[in-house]
Structures are given as structure tokens and as C-alpha cells.
Amino acid sequence: MDRVLDAAPGSKVLLLGNEAIARGALEAGIAVATTYPGTPASEIGDTLARVAKDAGIYFEYSTNEMVATEFAIGAAASGVRALVSMKHVGLNVAADALLTFAYTGTRGGFVLVTADDPSCHSSQNEQDNRYYALLGGIPLLEPSSPQECYQMTKEAFALSEKLELPVILRTTTRVSHVRGPVVVGEIVSGPKKKDFVKDPKRFVTVPAVARARHLILLERLREASKLADGSALNRVYKIGTGGRSGIITSSAAFNYVMDAAKVLGMSTDVLKLGFSHPLPTRLIAEFLRTHDSVAVVEELEPILETSIRAVAQHEGLKTKILGKADGAFPQAYEFDQAIVASGLVKAFGLRGEIAKTVSVDLQNLPVRPPVLCAGCPHSATYYAVNKATNRKAIFASDIGCYTLGVAPPYSAADLLVCMGSSVGTAGGLAKVNDQPVIAFIGDSTFFHAGIPGLINAVHHGHKFLLMILDNRTTAMTGHQPHPGSDKGPSCCDITSVSIEEVVKGCGVKWLKVVDPYDIKTTTDTVKQALTQNGVSVIIARRECALITKRDQKGAILKKQYIDQEVCKKCRTCVDKFQCPAISSVDKVQTIDDASCAGCGACAQVCPYKAIKEAR
Amino acid sequence: MADIYLVGVGGQGIITASRIIGDAAILAGKNVLLSETHGMAQRGGSVMCTARIGDVYSPLIPDGQADVILSLELLEALRAVCKASKNTVVASSVEKMIPLSVSTQKLKYPTLEEVRREVTEIAGEFVSIEASKLAGEAGVPMSSNIVMVGALAGTGRTNLDRKHFEKAIEMNIARNVRENLAAFSKGFDAVSRRNQT
């Protein structure tokens, strides 16, 4: 029984926010769903990939978020319902498609989920994607809990069809990755096929069409604002007996407000905005009119705060508005109950007692940041590259597990901005630096955004080495397939695209494929590549060790141990190589048998041949 | 209300443990919220999950407010004490996973007794559990996480019945259900009988 697909109508099930979104989409009768995996959005796609066949929908892990969005646009413009999900930075990639789709509008319901990541738990920035709703003129719904994730996904589809506009459903890490009870409804199968009715004066955005469509978009937004005013998703929660002070909030911040207000013993009104763009201006004006001071509590950018100040100015209201502008609430990082409680105390001048945090000196505790796993092929690759270059190279890195190579002992990342940036930035680095430049990119990331950069490098004769770290999966986000994979989601047959053929097709003349577990060959190949003119490419291919372990293919690998009689305690295996299975305690290096993945890389690293196969 | 703070190292099965707690709460007809660590932090880093049983809106546990801290790894129990008070039971597996910083920065991994001493300066009680050994005895050596769910149930601080936990284990574990229930039972006994020995 599948928890998401088979939950009976009316039953209460424990669902992750992302699973609740998937269930909501299934109940809304989607025909297609697409994604490119990214934390904290991944489980939306993973759930739909798993149930697609049984649910009778089409699902794909698209090459990137732009393609995922375009695919969904094609389906929705035809009249079926489509869901596309991504992490916040994925929307930067998809924005080109989305912002103009708001002009043409949609026929079938189109919902784009963006999962933001305040505090950068697993991201390169903490951008606030509510701005995309403002930028594109796109209605925005913001759930706070798994139950709302489920419910608002369904409402988003209805709203999208009513307004004929795409709708953004925006979550954050503490919404997508919260598990809670969800009372589900019935899964209704919607149409899976629709004939596309040609209407080029709407759907072909040449300038004349775009100009006309912009006015239609603005008209629809005025309509949307009225819907927001009357929406049940925007409602007041009375705490205690209410009062002359009020709070306006949305998303995860709402949860902290409710808990903090209770702890502080406040009596106040909380206006929760679930449908927050376009702003329900009449509702907000009324709330401001009936309160003397209003705190706006939102994570990251002061988007509501600024717009609410504008409403007050427009309505000529003197209500005191408190928020980030006065320093009551921070503009960086996610909130929690303590931050919100302290903000409310500051904003309203309360004399509430904020629970003191225990001060414990944990500074001397050994830190435990994420690391490359035991048996990770990237570890062997980085060791070989450092050996080949004597660390005299500039490393342009990219997004994936292999970014963890930034830490010592490899220090194998010098510049990283976004998906695919290794290839583009390597060209610029190489043009203005005399040191060798090596770009590292994962297989999934190469397909996602590396190819245009590679074509550019070939075309302009940029001189660098591109290493495609091919572990046969999208590892960091949970081992999703990519275009190079042999097996796709449950619904569909897929065709594996060869990285070698793509690289050659881009015009690369010097290409080698190595097994990173063979450190000597990898080292020699890197040395050779760096003597080439123009762009050279090495594909370092070895399956992710976690998959090898999971599928119990480990039988082909041999666990290692350190022969203490041979070991000279030189520490090469911990200072120049990095493996979580190898530790050095009290000057003795040992391999933990349970953690060892049996890759044998460490045995090649040991200068005294003290690391041996366990019998 | 019961606030449970679960900590460990990425890959130890902490999300499964928290999901079992969540399902047990729902089976008992209670509200529950869990928060989870996914993504980059899971690659062998410190990870935490929360389980809040009762009427709350936010899944995050404020400092000093955990009723139980459940740690799947010894050092991580100490790292979690900011969530503890004198009302807190800290139940930790004695399993040690030596972080790379111990090897590379020559930092010291604390002993069990050091952890016990430092934790009990803040927390009400520290209980150590040989989770890995008990899981092995139950026939599922990889199920330390299930032993620790048993340990949680054994504290009696969740207000959930043992049968709800057992049913939740059946809902979340696909293979070796009987052995996992035995692992749960061993963890339960290790904690509930702690003062009898």
C-alpha cells in the first residue's frame, strides 16, 4: 500500500509537506507532472515518479527546470492540468518560460511549486521567490503545514483555471520537510489528452501579441486581487480576546507566530495570508483600520511589509506598521519561535519573558559537517587531480555532492555560483590566468546546464580541462535518474543519452573515460589532458557508492584493513585522502569495517602498502 | 505535549525513526509535527529531526524544551544538549562514529563518562543504550534506530502506548518485521528497566 496514492478518502495520514502536494495534485486530476530534483522540493517529484504508473499520469524528471516548465506549459496550454516543481534557484532557470507564460495564460490548470530554503540548509543562496510572483504578475499561494500543502495545491489548480493564469505555490524547507497529519479527499482522474486549439494571437508572443496580452494579464490580476480579498485562505485567527494590536503573517512564520503569541500570553489578532499575491488590499486595509499597530512577520525579504505600508499610505491610515524596517525582525535566515517571540516583544514593547537559552560551551566538540561518503568515487578523483597538478590549478566547481570536495584535504573548489557554472566560469578563469584550470561537473548537472558552456568553450578555443564526474545518478538529492540513466520513473520507458556522444557532438576532440577507483590511470590522464590546447574532457565514471551498497553489488568490492605492523603512521590516508571509514585516534589509523565500502582507493594511496584487502 | 529531539549522523535511519513516532502519534489520535533534515546535510553530517506531539503549530523545538533527546550516536547527544533542561531525559546510543575532524584536526572524541557528565550538568537524566548490540541480538544489526525508538517508548515520556509504536513499526518497515519488533522491545526494556539493575 502506498501512503500517498492509496490513502482512503476522509482518512488521516502522516504526510511530508511535499507528499501532501503530490496527493493534492493527484486529487486535482493532473495529467502531467515534471521536475528537476532539488532540496527541499525533491520528494514531490519522487512521490509522483513512484505512483505515476498506478495513478495513470505522466511524470518525468526533466533535463532541467526550464525544460520541465516548458513541457508543463505545452500540456497545460492544450487544456490538461500540469504540475511542475523545483527548488527556489531552479526557478531562476525556469523564469524565462514562466514569466511570458503569464502573458499567454493557460487553458488547463498550471501550478508551479517553488520550495525556498531560508538559512541555505542545502542551497547556494536563500533568495525569496515570492518576488517572482510580483515580477511576473502571477498569483501566489503560501501553505504553512502539510494539510495546507495538500489543500492549497488543489485550490491552486482551480484558481489557475478560473483566472487562466499560471499559479505559484511557494513553500519553504520548514513547510516542505515537515511531516504532519493530512486528511485527504478522493483522487479524481482528470483528462489526460486534449486537442490543442490553435490561437496564435494568444499563444505566439510576437511583440504585437505580447503588448496586448500584458493588458489582459493586468486585468486578470485585478480580478485575482478581488478573489484574494474573499479567499478563505486569508483569514484572521483570534488569540485570547484579540485586541488593538495585530499581526500579519504567512508561510512558516505563521506557525512561529501562533506558538510565540501563546507563550507570550498575548491577546491579538493574526491575519494569515495564504493567498498573498496579488495582495488582498481591501482585507488588509480593513485589518489596518481596526488595529492601532500591526507587526508584519515574514521570513527573508520584507515583501508583505513593504506592500502593506503602501496600502496604509494609499488608504491614508495612521496604523503603526512594525517589521524589518525598524529592526524587530531579521531579513536573513529562517525564523523560529524564539526569534519571532523576541521580535514581537520588540515590536509591541511587551514585557514578556523570553525563555533563556541554555549556554553550553560546545566549542571544543569535534565538528561533523557533511562529507564525501566512504567509497565515494569523487574522493578518489580529487586525490588523483591533486596529485597530478601538485595542487597548482584553479578549480571551477559545480552543484552536487562533489562540491563537498571544497573541504580539506582536497580543497577542490575555488569558484562556484550555480548549476552548470563550472564550464562557463572555467573559460573566463583560463582566459585571464596562467595556472591550469580544471572544471568539475556531475553527470546530472552536465545535462542540466553544462552543455551550452561546453559548446562555447569549443567554439572559442578556451583552454581548460572539464572533468565530468559521472556517478550514474543525481546523488545529492536522493538518486533520481537523469538523461544518462537506464531506468526512469514508473510510468515510462526512457532512452539513455550517452555523455560521450554529447561531448563529441559538441566538438570536443580530446576525450578520455577513466575509472576513478584506478588512481594511477586517472592521475596520468589528468596530466596528459593538461598538456592539450583547447578544451579537454575526462569522464570519471563510477557508480555512486551508496547505490552500489544499497543494491548489494558490493560483492565485487573488497573491504580493506590497515596492517598495523606495516603502517608507518605517516597519516597519508587521513591527511591527503579523505574517507569517513578511516579514522586516526591516538596516532593510530584504522578502517571501520562496517563503514568501508571496499573501493580500494585508500590502498593505492598508502605509500607503504599497509592497507590490504580483508579476508 | 511531548517534544522529542532526535539526533544522529546522516545515514543512520533517523528519518525512519521519526516517521514511526509520527505514525504512532496519529494512531493514538494525537496531533503531531515532525521536521526533517534532507539534502546535503545527510552526507555523513550531524542531522536532527524533531517530533512534537500535541497542539502546536511549529515543528521546531525551542532551546531547553525537549522532553526527550534521542541520540543515535554518542557525540551527537552532547551536541544536542541546548534543547535540554532538568526535565529532559537524554537517551543515547553508545555507538561512536568518529568524525573526520577528530582525525584531521586532532580533536578529542569524548568518552561515555565525559558525555554522561556534561549532559547531566544540564539534562535531568542520561541513559546510555547499546543499540547496535541489541539490534544484533534481535537479528537486525542495522536497526539501531528501531532499538532507539523502543528506548523512547521506554521512557514513558511520549504518552503513547506501546501498541501504537508497534503498529507504526509494521507500517514503516518492509522487511524483518518480527526482528524489528524484537529490536524495539530490547530498547524499550533497556530504558524502562534502567532503575531496576
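The values are calculated or read from the model by the stated rules, or taken from the named source; none is laboratory data. From a predicted model like this one, the values you see are computed outputs, not experimental measurements. Neighbour counts run over all protein chains shown; Cβ positions are idealised from the backbone, glycine included.
Please specify each residue of segment A:412-461 satisfying the condition of being in a helix (DSSP H, G or I) and without any contact (Cβ under 8 Å) to a residue 12 or more places away in the chain. Show your work before the answer.
Quick first cut of segment A:412-461, residues in a helix (DSSP H, G or I) only: A:421-432, A:443-460.
The answer is A:Gly428, A:Val432.
Scanning segment B:79-115 for residues that are assigned to a helix (DSSP H, G or I), within 23 Å of A:Ile582 (Cα to Cα) and at the interface with chain A (Cβ under 7 Å from one of its Cβ atoms) gives B:Arg79, B:Leu100, B:Ser101, B:Val102, B:Ser103, B:Thr104. Restricting segment A:10-42 to residues that are closer than 24 Å to B:Ala168 by Cβ, small (Gly, Ala, Ser) and surrounded by fewer than 24 Cβ atoms within 10 Å (Cβ to Cβ) leaves a set whose member that is farthest from the other protein chains (Cβ to nearest Cβ) is A:Gly10. When every residue of segment B:122-143 is checked against the conditions, at least one turns out to be part of a helix (DSSP H, G or I), under 21 Å from B:Val81 (Cβ atoms), out of contact with any Lys or Arg (no Cβ under 7 Å at 6 or more places or on another chain) and within 14 Å of chain A (Cβ to nearest Cβ). Screening segment A:132-238 for helices (runs of 4 or more DSSP H) wholly inside it with 1 or more residues that are of a type in the set (Asp, Glu) and under 24 Å from A:Asp116 (Cβ atoms) returns the ranges A:146-163.
Answer yes if at least one residue in segment A:157-171 is within 14 Å of chain B (Cβ to nearest Cβ) and in contact with a Pro (Cβ under 9 Å, 6 or more places away or on another chain), and no otherwise.
From segment A:157-171, those within 14 Å of chain B (Cβ to nearest Cβ) are A:171; that's our starting set.
Next, from what is left, pick out any that are in contact with a Pro (Cβ under 9 Å, 6 or more places away or on another chain): A:171.
Yes; the residues of segment A:157-171 include at least one that is within 14 Å of chain B (Cβ to nearest Cβ) and in contact with a Pro (Cβ under 9 Å, 6 or more places away or on another chain).
Conditions tested, residue by residue: (1) surrounded by 18 or more Cβ atoms within 10 Å (Cβ to Cβ); (2) of a type in the set (Val, Ile, Thr); (3) at pLDDT 95 or above.
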{"residue": "B:Val119", "(1), (2), (3)": "yes, yes, yes"}
{"residue": "B:Ala123", "(1), (2), (3)": "yes, no, yes"}
{"residue": "B:Ala131", "(1), (2), (3)": "yes, no, yes"}
{"residue": "B:Ala138", "(1), (2), (3)": "yes, no, yes"}
{"residue": "B:Met142", "(1), (2), (3)": "no, no, no"}
{"residue": "B:Val147", "(1), (2), (3)": "yes, yes, yes"}
{"residue": "B:Ala153", "(1), (2), (3)": "yes, no, yes"}
{"residue": "B:Arg157", "(1), (2), (3)": "yes, no, yes"}
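This table checks each residue for (1) over 26 Å from A:Val178 (Cβ atoms); (2) under 34 Å from the mean Cα position of the chain (by Cα); (3) buried (at least 24 other Cβ atoms within 10 Å of the Cβ).
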| residue | (1), (2), (3) |
| --- | --- |
| A:Asn255 | no, yes, yes |
| A:His277 | no, yes, yes |
| A:Pro280 | no, yes, yes |
| A:Lys324 | no, yes, no |
| A:Phe329 | no, yes, yes |
| A:Arg351 | yes, no, no |
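Got a sec? Which of B:Glu118, B:Glu179 is among the acidic types (Asp, Glu), within 14 Å of chain A (Cβ to nearest Cβ) and in contact (Cβ under 8 Å) with a residue 12 or more places away in the chain?
Values: B:Glu179 fails: within 14 Å of chain A (Cβ to nearest Cβ).
Only one candidate passes the filter, namely B:Glu118.
The residue list A:Thr590, A:Thr521 contains one member that is part of a helix (DSSP H, G or I) and within 25 Å of A:Pro409 (Cα to Cα), which is A:Thr521. Can you confirm whether A:Leu546 is at pLDDT below 95 and crowded, with 19+ Cβ neighbours inside 10 Å? Judged against the criteria, A:Leu546 is a match.
Would it be correct to say that A:Ala260 is in the same structural domain as A:Pro143 (by TED's automatic domain parsing) and surrounded by 21 or more Cβ atoms within 10 Å (Cβ to Cβ)? Reasoning before the result, please.
Values: in the same structural domain as A:Pro143 (by TED's automatic domain parsing): no; surrounded by 21 or more Cβ atoms within 10 Å (Cβ to Cβ): yes.
No: the conditions fail for A:Ala260.
Yes or no, residue by residue, for (1) assigned by TED's automatic domain parsing to the domain that holds A:Gly45; (2) touching a Lys or Arg at 6+ places or on another chain (Cβ under 7 Å); (3) surrounded by 14 or more Cβ atoms within 10 Å (Cβ to Cβ):
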{"position": "A:Pro489", "(1), (2), (3)": "no, no, yes"}
{"position": "A:Cys492", "(1), (2), (3)": "no, no, no"}
{"position": "A:Val508", "(1), (2), (3)": "no, no, yes"}
{"position": "A:Val513", "(1), (2), (3)": "no, yes, yes"}
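Residues in segment A:29-47 that are among the hydrophobic types (A, V, I, L, M, F, W, C) and farther than 19 Å from A:Met476 by Cα: A:Ile30, A:Ala31, A:Val32, A:Ala33.
Every condition in (1) part of a loop (DSSP other than H, G, I, E, B); (2) within 13 Å of chain B (Cβ to nearest Cβ) holds for A:Gln564 except the one numbered (2). When B:Asp23, B:Asp63 are checked against the criterion of being at the interface with another protein chain (Cβ under 10 Å from one of its Cβ atoms) and either buried (at least 24 other Cβ atoms within 10 Å of the Cβ) or part of a helix (DSSP H, G or I) (or both), B:Asp23 stands alone in meeting it.
Of all residues in segment B:48-59 being aliphatic (A, V, I, L, M) and surrounded by fewer than 23 Cβ atoms within 10 Å (Cβ to Cβ), which is nearest to the other protein chains (Cβ to nearest Cβ)?
Here the residue is B:Val56.
Of all the numbered requirements in (1) in contact with a Pro (Cβ under 8 Å, 6 or more places away or on another chain); (2) among the acidic types (Asp, Glu); (3) more than 24 Å from A:Ser176 (Cβ to Cβ), A:Asp292 misses one, and that requirement is (1).
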